[in-house]
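**Student:** Structure in structure tokens, see below.
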Amino acid sequence: MASARWLIALDIDGTVLHEDGTLADAVREQVQRASELGHEVMLATGRSVAMTLPVLDRLGIAPEYLVCSNGAITLKRDADAPAGYSRHFVETFNPGEVLTTIRSNLDAAHYAVEDETGLYRFTGFFPDGTLGASSVKVQFDELLQHEATRVVVISPEHDIEDFLSVVERMGLHKVSYNVGWTAWLDIAPDGVNKSTALERVRELLDIPRSRVMVVGDGRNDIEMLEWAATEGRAVAMGQAPAEVVAAANETTSTDLDEGVARVLESLTRRV
């Protein structure tokens with residue numbers, strides 16, 4: 001029975017959801033259909049826990065596990081937990097060195113540190129909704145004092161190519177980092193990304209690598225696409241950058257054309 005089902009891990013922004021946050025009916029219907037067929041349909045996202053759980057409600061699914069904060073936090077379904085999920089595995093790091101390194105290279109940037117409870121401490125300015133409801137503004141030095149599941153850096157004065165160039169020059173060897181569509185930098189604990197968390201989930205669920213499917217569109221999806229592509233299905237969204245497409249072994253249509261729904265339609269067999 002376990003070997004007949006697929007582990008299907010979906011990115012959220014630009015994949016399940018349009019970039020404006022809307023959810024297409026066709027995507028919701030196909031996600032629910034795949035789950036009803038007996039497959040394990042879950043989310044693997046850079047979002048915090050608080051910003052991930054509402055998406056489950058919108059999709060109408062309740063997977064056994066969720067991967068949040070680019071792999072630093074794995075949730076497990078827990079009927080006794082207030083939100084129905086508890087933290088099953090958490091990776092943290094001391095952000096002091098990397099924050100001071102980045103600040104010396106990007107003196108006009110804005111910074112946020114997420115802890116394992118999902119609280120963001122931040123300096124500077126972040127657009128409404130980007131950090132969720134659990135955030136507090138502090139002085140920069142306080143950011144250095146708390147273990148982090150993630151550091152977020154934004155630099156509005158840079159375009160994406162300039163920002164990438166600055167990030168590469170920093171030589172952030174002690175952490176894993178990904179740059180989003182805009183001048184937005186996510187920094188995770190060393191060696192932690194969506195794929196490391198998903199491999200742990202796959203082992204817990206006893207699903208073979210050949211029955212893994214992931215779908216994503218961003219640079220923070222590259223590792224999970226490469227991981228899935230070795231034996232399973234790694235699907236890049238139609239609007240994904242070239243380096244993301246290169247990590248996949250399939251492509252689908254864009255988020256605006258319900259690319260996730262098109263992929264899930266290929267699953268026809270009930271477990």
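Read the figures in this text as sums done on the coordinates, not as results from a lab. From a predicted model like this one, the values you see are computed outputs, not experimental measurements. Glycine gets a Cβ as well: all are built from the backbone with ideal geometry, and neighbour counts include every protein chain shown.
**Student:** Can you give the log10 of the normalised intensity I(q)/I(0) at q = 0.19 Å⁻¹, computed with Debye over equal Cα scatterers of the stretch 48-164?
**Tutor:** The calculated log intensity ratios at q = 0.19 Å⁻¹ are -1.03.
**Student:** Could you tell me what percent of the DSSP beta bridges with both partners in the stretch 20-160 are antiparallel, to the nearest 5?
**Tutor:** In the stretch 20-160, approximately 85 percent of DSSP beta bridges are antiparallel ones.
**Student:** Along its principal axes, what span do the Cα atoms of the stretch 53-113 show, with the longest given first and each in whole Å?
**Tutor:** 45, 23, 17
**Student:** Taking the chain as the reference, fit the longest principal axis to its C-alpha atoms, fit the long axis of helix 160-170 to the helix C-alpha atoms, and give the angle between the two in degrees, 0 to 90, nearest 10.
**Tutor:** Compared with the principal axis, the helix lies near 70 degrees.
**Student:** For the stretch 96-188, take every pair of Cα atoms, bin their distances at 5 Å starting from 0, and report each bin as a whole percent.
**Tutor:** Cα pair-distance distribution for the stretch 96-188, in percent: 3, 14, 28, 28, 19, 8, 1.
**Student:** Could you size up the charge dipole of the chain around its Cα centre, putting +1 on the beta carbon of Lys and Arg and -1 on that of Asp and Glu, and report it in debye to the nearest 20? If you can, show how the numbers build up before the last one.
**Tutor:** Numbers: 24 positive and 43 negative charges, 170 e Å.
Taking the Cα centre of the chain as origin, the dipole is about 820 debye.
**Student:** Between Val245 and Thr230, what length in nm is gained on full extension when 0.36 nm per residue of separation is reduced by their alpha carbon distance? Let's see the in-between values first.
**Tutor:** On the way: separation 15, 0.36 × 15 = 5.40 nm, distance 1.47 nm.
Answer, rounded to one decimal: 3.9 nm.
**Student:** Just to confirm the number: angle between the C-alpha axis of helix 49-59 and the first principal axis of the chain, 0 to 90 degrees, nearest 10?
**Tutor:** 30
**Student:** I've got another one for you. Which angle between 0 and 90 degrees, to the nearest 10, do you get for helix 96-105 versus the longest principal axis of the chain when only C-alpha atoms count?
**Tutor:** 70
**Student:** Over all alpha-carbon pairs in the chain, figure out the percentage whose distance exceeds 36 Å.
**Tutor:** Working: 4168 of 36585 pairs.
Across the chain, Cα pairs with separations above 36 Å total 11 percent.
**Student:** Would you work out the relative contact order for the chain, in percent, from Cα pairs under 8 angstrom that are 6 or more residues apart? Write out the running numbers ahead of the final one.
**Tutor:** Details: 560 pairs, mean separation 57.5, N = 271.
Taking the mean separation of contacting Cα pairs over the length of the chain, I get 21 percent.
**Student:** Tally the DSSP beta bridges in the chain and give the antiparallel ones as a percent, rounded to 5. Can you show the working numbers first?
**Tutor:** Working: 27 of 46 bridges.
If I count the DSSP bridges inside the chain, around 60 percent turn out antiparallel.
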